[in-house]
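Engineer: Handing you a structure now.
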Amino acid sequence: MTCQSRELSAATSARPRPALPPVMSAVFFMSTMVELEVNLKSRLSSEPGADRRPGGQHGLMIRRRRATRVLLVVVALSTLVACMEEPSRGHTPVSETVGSVDQAAGPLVVRVASTAEPGRVPPAVVASDEALGGTGYEVRRGQTVVADGELEPVEAPAAPWAHAALADLAAIDEPGSYTVVVDGTTSSTIEVADDAYRDVLLSTLTIFDSNADGNEPSSFHRPSHLNDVRSRIANGPRKGERIDVEGGWMDAGDQLKFTVTTAYSTLMLELAGANQGDRDGILDASRIGVRWLMKARRRGVFVAQVGHTNADHNAGFRDPTVDDTSDDPRRRVRPSYVLTKESGGSDVAAAVAGALANASLRLGVVRRQRVVREAESWLAEAQRLRKVWRNCCYQQDSWRDDVAVAQASLWRATGKRSYAHAALASLERATSDGEENWLVAADSYQMSAIAAAELCGVLRPGDAPAPAAVSGPACRILRAGGAAWIYQVDDDPENSTAFGRAGYAQWASVRQSESGAIVLELAGRAGLEDAAPALLRATGWFLGANPWQLRWQAEVGDVEHPYHWVQAVGRELSGAVVGGPAPLGDINDNREDDVALGPFDTEDQTYQDLADDYVMNEVGIGYSAPAALHFALISD
């Protein structure tokens, strides 16, 4: 989630405002900084200096560039040399197998998932400027043909190619290394293994290690931001008071802490753990979020953000341990921003309530009661505020979906039917009783799918549904949401892609596609026919069956340059999920130097593996969390 702006329900997104220009001289730099600080303070008095970049589906945010002109020149020259020596890794899949390996300039490409489980291998997507109807394909294991068939044309747009078709790979039912051959063109290798999807799940957890803050254990850095133990409240009637907000997770490529992304990630991890038999590793990560959420409310104060936005972003990539001794007092002792009547925050407070209520399910009686009481306090605050949080980075436009999740989760935790009936009422209001089925999602901006699945009884193995008067409508709404994402995968003439993305062409397309995959799996459990094929295609898109033949994870997926502060400490962030393809206009509005379309890019969906680009390549806890749940739901 990495400070992203919400896409409109109908897949129209607000354009980000242009980023600030690079400094041309020291004098201009200083005058610009003074003017920027004054302007930002006048616009966001309750959150001093909060710069913005697109955050969810409607909000906007500008973020200052961290690279200097010298660095950009070096990067540009290095890139030029690299491009002269060999094609971009992100744009030319390499596979030395039978037949001629597809190249960027070739008339036909074969895109496949890089890994899969036997019997559940996503179809290959074949794209070409020539019609593909009637074309045959072979599935090979080494030199041996193990299956063959005829391509099935896809109606959805195949851009940047003219045509696309699917090669069914259901015949791959044994572990091994496979390729798909079409007209002499051979795909990259598909590694098929019994626990492949669980391995993907576990690989997504790295970010929760790297971004652990305070005294929480991390293999990436020593204890960091320890002065958060005496943070000062920066707004509201308790302004100036001290509060302990040490611990938790840093949010993304930056080092701020946000309650909303912490709550969302905790919820996703709790559900991932509940859907896995061997869940200790997953819940070890989740416990970091739970511990911090349990301290984020003190004496009637509900914390929403820790850290001064500009002070953090303008400091650039750095070892997080240096902030406690920074010359900048806003980094040395970071401020905390809290929920007030003026700021709103029903979405934030309800998200915490839902996360804590879910966490309580695995606890003993005494500890469960304590965590449930805390969840109820956050829900009460959400119902008191009755408006979304006005903030720098994760601006939402709805909160009833979050309240529905909180109420449904508290029904599950307490057994009180009043919570179940209240959750259904909130769910119906949030989705117009399922008529606005595109709002049935799980991407943190729209969370109705989680509430519907909880009441329907399909969120965890062995769950009982709510009473029939509640579960019946909830299951219907969940199936309606699944139908919306099937349409997005297969049939939407404006927003679908032949490659099976379960979301819109927007900033954070990977996060939203992972949300779509979650809804498809849960709707299938609720009885929706045709959910499974769409889910398999969305899984394939994440794992490499996309125009770029990239798995959307750092290192394990051939994305080599994630936008994250680990660049400053010389570490790799293997497995962290990136933002992914985005509209070219959004990318260039947030860069100093424009990106040109690559061979597999379009105006609507562009991706290039650039270390200085936070639209396409930033990683964060809110991006990895839905991927963790997706693969927990589908792995045995």
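The values are calculated or read from the model by the stated rules, or taken from the named source; none is laboratory data. Note that the coordinates shown come from a computational prediction; the quantities given were computed from them, not determined experimentally. Cβ atoms come from the backbone with ideal geometry, glycine included; neighbour counts cover every protein chain shown. These accessible areas exclude ligands, DNA and RNA; they are computed on the full protein's heavy atoms, side chains included. Shrake-Rupley method; radii C 1.70, N 1.55, O 1.52, S 1.80 Å.
Engineer: Within the range 454-489, which residues are at negative phi and of a type in the set (G, A, S)? Please lay out each step first, then the result.
Structural biologist: To start, the set of residues in the range 454-489 that are at negative phi comprises 454-456, 458-461, 463-489.
Within the range 454-489, A464, A466, A468, A469, S471, G472, A474, A480, G481, G482, A483, A484 meet the criteria.
Quick grid of which residues meet (1) in contact with an Asp or Glu (Cβ under 7 Å, 6 or more places away or on another chain); (2) in a loop (DSSP other than H, G, I, E, B):
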position	(1), (2)
Q446	yes, yes
I450	no, no
D463	no, yes
R476	no, no
R479	no, no
E494	no, yes
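Engineer: Let me ask something else about it. Please give the number of the condition V154 fails out of (1) assigned by the TED database to the domain that holds P599; (2) under 26 Å from T606 (Cβ atoms).
Structural biologist: Only one criterion in (1) assigned by the TED database to the domain that holds P599; (2) under 26 Å from T606 (Cβ atoms) is unmet by V154, namely (1).
Engineer: Please go through the range 253-287 and pick out each residue that is buried (at least 20 other Cβ atoms within 10 Å of the Cβ) and out of contact with any helix residue (DSSP H, G or I) (no Cβ under 7 Å at 6 or more places or on another chain).
Structural biologist: Hits for the range 253-287 are K257, F258, A274.
Engineer: Quick check on the range 173-207: of everything there that is touching an Asp or Glu at 6+ places or on another chain (Cβ under 7 Å) and not hydrophobic (A, V, I, L, M, F, W, C), which residue is most open to solvent (accessible area, probe 1.4 Å)?
Structural biologist: Step by step, filter the range 173-207, then rank; the result is D194.
Engineer: Out of (1) within 32 Å of the chain's Cα centre (by Cα); (2) modelled with pLDDT under 95; (3) at positive phi, the odd one out for S95 is which?
Structural biologist: (3)
Engineer: Test A532 against the criterion of being within 22 Å of G119 (Cα to Cα) and crowded, with 21+ Cβ neighbours inside 10 Å, and give yes or no.
Structural biologist: Numbers: within 22 Å of G119 (Cα to Cα): yes; crowded, with 21+ Cβ neighbours inside 10 Å: no.
Here the answer is no, as A532 does not meet what is asked.
Engineer: Filter the range 117-135 down to the residues that are open to solvent by less than 40 Å² (accessible area, probe 1.4 Å) and either among the small types (G, A, S) or on the phi > 0 side of the Ramachandran plot (or both) and list them by number.
Structural biologist: Step one: list which residues in the range 117-135 are open to solvent by less than 40 Å² (accessible area, probe 1.4 Å), which gives 117-118, 121-128, 132, 135.
Answer for the range 117-135, where residues must be open to solvent by less than 40 Å² (accessible area, probe 1.4 Å) and either among the small types (G, A, S) or on the phi > 0 side of the Ramachandran plot (or both): A124, A127, S128.
Engineer: Additional query: Looking at A517, A505 in this structure, which one is part of a loop (DSSP other than H, G, I, E, B), aliphatic (A, V, I, L, M) and touching a residue at least 60 places away in the same chain (Cβ under 8 Å)?
Structural biologist: Values: A517 fails: part of a loop (DSSP other than H, G, I, E, B).
Unique residue meeting the criteria: A505.
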